[in-house]
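In what follows, a single structure is set out as structure tokens and then discussed.
The values are calculated or read from the model by the stated rules, or taken from the named source; none is laboratory data. Note that this is a predicted model, so its numbers are computed, not measured. Here the Cβ positions follow ideal geometry from the backbone for every residue, glycine too, while neighbour counts run over all protein chains shown.
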Amino acid sequence: MDFRSARKAVLQLLETTAPADVPALLHWMRTTRDFDEFTQDNNDIILKSIATDLRDCLPIEAMLCSEHLALQKIRQQPEPTVHIDAFLYDEDFIDTLCEEGKMSRNYCTVCGSHQTAPLGFISHSFSLMELKFIYHHVLPDLSGKVLVDVGSRLGTVLYGGYLYSSAVQLCGVELSGEFCQLQEMIIKKYQFGDRIKVLHADICTQSSLLQTADIIVMNNVFEYFLPESQQARQGFLCVALVVLELTL
């Protein structure tokens, strides 16, 4: 069926719908995600494939045992909170895991009772939709620009930048050797090495890199992964270098 025939069929369907139900049908058509599979482009498909690869390499909570401070911070939240990586698990995927009993959205407020409350969810990654929004609407044209992701973790900002922008270089700086290995695996498999590089390093040792950066991304990197005594120091370093760059 070509476009004109399909449009005619849709209009005919609306004409045969009960008048009282037309507003609800139109609202559903405007807001539903049932059409996502028809509107996603090849870059979306690549990112979803990357998410599948990473899920196969990580526990369901996508946290490593070595992330002591981040785990402690999550346990200190006022309400029970779990880490659900938004890049690895979208809402539909979470629903499926809940149906399979592998995950829950709620916790029991009185053990053994039916009194439940919603769990708090936190993510250390941007979702696919958030990445598209950042690169398509928040950031300017990155042609010829250098982006640095401080605490690149799974590398999602880097992969999104590779697919959704024209940045000449996307550099991730990550303290965890395990996460660096995961990023290198993805970079090699999807042949991103011409524009993405990952450094296994402390950002405090990368002042020259920060001075060359046009865009610096920091997502939860200090609050959850550094003691308070170091947060101010490293945050000040990044801000100071950005200001220096802007004044040159």
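List of remarks:
- Every condition in (1) of a type in the set (D, E, K, R); (2) loosely packed, with under 14 Cβ neighbours inside 10 Å; (3) at pLDDT below 70 holds for R105 except the one numbered (2).
- Subset of the stretch 152-183 [surrounded by 16 or more Cβ atoms within 10 Å (Cβ to Cβ), under 18 Å from D202 (Cβ atoms) and over 13 Å from the mean Cα position of the chain (by Cα)]: C171, G172, V173, E174, L175, S176, F179, C180, Q183
- Identity of the residue in the stretch 203-214, over 22 Å from the mean Cα position of the chain (by Cα) and not aliphatic (A, V, I, L, M), that ends up surrounded by the most Cβ atoms within 10 Å (Cβ to Cβ): Q206
- Answer from L58, L64 - the residue that is modelled with pLDDT of 85 or more and within 13 Å of L154 (Cβ to Cβ): L58
- Checking V10, V82 one by one, the residue that is on the phi < 0 side of the Ramachandran plot, modelled with pLDDT of 70 or more and either among the β-branched types (V, I, T) or outside any helix (DSSP H, G or I) (or both) is V10 and no other.
- All strands (runs of 3 or more DSSP E) inside the stretch 117-175 with 1 or more residues being at pLDDT 90 or above, touching a Lys or Arg at 6+ places or on another chain (Cβ under 7 Å) and of a type outside the set (A, V, I, L, M): 169-174
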